[in-house]
1. Here are some values of Rg and Dmax of the Cα atoms in Å: (1) 26.9, 71; (2) 24.0, 86; (3) 13.8, 43. Which one was computed from this structure?
2. What is the magnitude of the charge dipole of region 49-110 about its Cα centre, with +1 placed on the Cβ of each Lys and Arg, -1 on the Cβ of each Asp and Glu, and no other charges, expressed in debye to the nearest 20?
3. In debye, nearest 20, what is the charge dipole magnitude of the chain about its Cα centre with +1 on Lys and Arg Cβ and -1 on Asp and Glu Cβ, if you could check?
4. Of F95, A33, V59, which is farthest towards the positive pole of the chain's charge dipole, taken about the Cα centre with +1 and -1 on the beta-carbons of Lys, Arg and Asp, Glu respectively?
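All of the numbers you see were taken from the coordinates with simple rules; none came from a lab. What you are looking at is a predicted structure, and each value in this text was computed from that prediction instead of being measured. All Cβ positions, glycine included, derive from the backbone under ideal geometry; neighbour counts span all protein chains shown.
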Amino acid sequence: MLIRLGCLLLLLAVLPFSMELILLIDIGGIDFALTFLIFYLGATYNTLIVKLDNLKRDVSDFGFFISGLYMFKPRVFVPHATASGVLIVLTCSVFLTCLFWIPVMYVSSGFIA
């Protein structure tokens, strides 16, 4: 009974955004519409799981790519991060701090060998 009530509340929540459910309720009844909604949400759940796995893989690949850049090597990153922090404290200028990182970004991108 609790599951059926939950499905009915879900149906009422989805109904204003899904006009095909109104047609399904009219043709097949509330049970038919609930069954359709449960199958639809199951397929949506599987699609979301696949997309989440792809996102995790892409973020992992991006992290691996970023970790290989020259500007994130410890001997380059630590002095630049320290200098950027000091520059922010002294001048309160984010623009000036960003200018401090431009040469390192050029070297990391491969424009300057």
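1. (1)
2. On the way: 5 positive and 3 negative charges, 18 e Å.
My answer is approximately 80 debye.
3. Details: 6 positive and 6 negative charges, 121 e Å.
Result for the chain is approximately 580 debye, rounded to the nearest 20.
4. F95
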